[in-house]
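Engineer: Here it is: the structure, laid out below.
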Amino acid sequence: MVKHIDFSTLMASTVHDMKNVIAAVSQAYESLLAEMPKELQRSPQARLIEQEALRLDAMLMQLLGLYKLEHGQLLLQQVYCRIDELFEDLHNRHRELLAYRNITLDIELDDPDLEGYLDVSLIGTVLDNALGNALNYCKKTIRLSAQREDNGILLSINDDGPGYPASLLGAVREKESSSIDRNSGSTGLGLYFAASIIAMHDQDERPARLELTNQGHLPGACMTIWIGLPSLF
């Protein structure tokens with residue numbers, strides 16, 4: 001008799017295996033790259049491998065996160081964190097690709113000591129995916145910004161590309177974001193994951209917010225995330 005296998009559990013196990021494969025391939029690629037002539041290290045093919053490896057890793061992280069969320073295994077670990085450090089980690093992860101494509105990443109905070117109260121790993125993954133999307137669509141500039149607003153922190157990623165399609169504009173909650181775009185082939189996985197993670201940061205009568213607009217400082221797409229600070233009373 002064939003034992004029944006839960007598909008979601010099988011998928012999660014496979015994702016783990018795939019992440020290990022990607023890590024091994026990436027290490028081999030880095031070693032090989034170091035032995036190449038400088039002109040090959042800076043070739044479009046080398047940068048394409050790096051870009052697609054980052055994108056694939058982000059997709060696997062989202063799949064694994066959604067599996068854990070569905071099975072009640074994704075626990076929120078909110079801490080006070082410095083936003084400049086969060087943004088700097090994001091910048092460092094994409095630094096080489098930004099430089100290769102001659103894209104400027106502007107970071108602006110209304111207070112250099114600005115802090116948020118959030119899950120650094122989960123919000124970092126959401127921002128990482130948003131920055132990856134901005135890299136695919138921007139022309140020359142991406143802007144990361146953060147400010148205090150309504151006793152919370154407002155984070156935004158804005159670019160100078162063509163902007164979001166009209167069908168995506170507005171506030172997004174997780175149940176509204178799991179659609180498939182048959183024209184682009186997009187599964188909406190990134191947006192669904194982001195909306196689910198933001199919703200986990202809701203507070204009593206103060207829901208966290210995720211909004212997509214084309215009305216940022218730059219003329220293209222702008223994703224904004226608002227997460228409240230805990231009340232002291």
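Engineer: Can you tell me which of (1) modelled with pLDDT under 95; (2) surrounded by 15 or more Cβ atoms within 10 Å (Cβ to Cβ); (3) closer than 18 Å to GLN78 by Cβ is the one ILE153 doesn't meet?
Structural biologist: Unmet for ILE153, out of (1) modelled with pLDDT under 95; (2) surrounded by 15 or more Cβ atoms within 10 Å (Cβ to Cβ); (3) closer than 18 Å to GLN78 by Cβ: (1).
Engineer: What tally of residues in segment 91-105 results from selecting those that are in contact with a helix residue (DSSP H, G or I) (Cβ under 9 Å, 6 or more places away or on another chain) and assigned to a loop (DSSP other than H, G, I, E, B)?
Structural biologist: Adding up the residues that qualify gives 2.
Engineer: Turning to a different aspect of this structure: Condition test on ARG95, is it in contact (Cβ under 8 Å) with a residue 12 or more places away in the chain and either under 27 Å from GLY220 (Cβ atoms) or in the same structural domain as MET18 (by TED's automatic domain parsing) (or both)?
Structural biologist: Taking the combined requirement at face value, the residue does not satisfy it.
For every residue, the table says whether it meets (1) under 28 Å from TYR137 (Cα atoms); (2) part of a strand (DSSP E or B); (3) under 19 Å from the mean Cα position of the chain (by Cα).
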| site | (1), (2), (3) |
| --- | --- |
| LEU54 | yes, no, yes |
| GLY65 | yes, no, yes |
| LYS68 | no, no, yes |
| TYR80 | no, yes, no |
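Engineer: Shifting gears a bit: Is it the case that some residue within segment 112-120 is of a type in the set (Gly, Ala, Ser) and in contact (Cβ under 8 Å) with a residue 24 or more places away in the chain?
Structural biologist: Yes, there is a match, as at least one residue in segment 112-120 is of a type in the set (Gly, Ala, Ser) and in contact (Cβ under 8 Å) with a residue 24 or more places away in the chain.
Engineer: Let me ask something else about it. Against the condition modelled with pLDDT under 95, out of contact with any Asp or Glu (no Cβ under 9 Å at 6 or more places or on another chain) and assigned by TED's automatic domain parsing to the domain that holds ASP204, how does ASN133 come out, does it pass? Full working, then the answer.
Structural biologist: Values: modelled with pLDDT under 95: yes; out of contact with any Asp or Glu (no Cβ under 9 Å at 6 or more places or on another chain): no; assigned by TED's automatic domain parsing to the domain that holds ASP204: yes.
For ASN133, the condition - modelled with pLDDT under 95, out of contact with any Asp or Glu (no Cβ under 9 Å at 6 or more places or on another chain) and assigned by TED's automatic domain parsing to the domain that holds ASP204 - is not met.
Engineer: Tell me whether segment 72-85 contains one or more residues that are closer than 22 Å to LYS19 by Cα and surrounded by 12 or more Cβ atoms within 10 Å (Cβ to Cβ).
Structural biologist: yes
Engineer: Is it the case that segment 53-64 has a residue that's in contact with a strand residue (DSSP E or B) (Cβ under 8 Å, 6 or more places away or on another chain) and touching a residue at least 40 places away in the same chain (Cβ under 8 Å)?
Structural biologist: no
Engineer: Please pick out the residue among GLY216, GLY190, GLY170 that is modelled with pLDDT under 95, among the small types (Gly, Ala, Ser), touching a strand residue (DSSP E or B) at 6+ places or on another chain (Cβ under 8 Å) and buried (at least 17 other Cβ atoms within 10 Å of the Cβ).
Structural biologist: Of GLY216, GLY190, GLY170, the one residue that is modelled with pLDDT under 95, among the small types (Gly, Ala, Ser), touching a strand residue (DSSP E or B) at 6+ places or on another chain (Cβ under 8 Å) and buried (at least 17 other Cβ atoms within 10 Å of the Cβ) is GLY216.
Engineer: Would you check if ASN151 is of a type outside the set (D, E, K, R), at positive phi and in contact with a Leu (Cβ under 7 Å, 6 or more places away or on another chain)?
Structural biologist: Judged against the criteria, ASN151 is a match.
Engineer: Also: Quick test for you: out of GLU50, GLU35, GLU30, GLU39, pick the one residue that is farther than 30 Å from ALA199 by Cβ and surrounded by 15 or more Cβ atoms within 10 Å (Cβ to Cβ).
Structural biologist: GLU50
Residues are listed down the side, and each one gets a yes or a no for (1) within 30 Å of HIS217 (Cα to Cα); (2) part of a helix (DSSP H, G or I); (3) assigned by TED's automatic domain parsing to the domain that holds GLY152:
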residue	(1), (2), (3)
THR14	no, yes, no
GLU30	no, yes, no
MET36	no, no, no
GLN45	no, yes, no
ILE49	no, yes, no
MET59	yes, yes, no
ASP89	yes, yes, yes
ILE107	yes, no, yes
TYR117	yes, no, yes
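The values are calculated or read from the model by the stated rules, or taken from the named source; none is laboratory data. Quantities reported herein were computed from a predicted structural model and do not represent experimental measurements. Because the Cβ atoms are built from the backbone with ideal geometry, glycine has one as well, and the counts that use them run over all protein chains shown.
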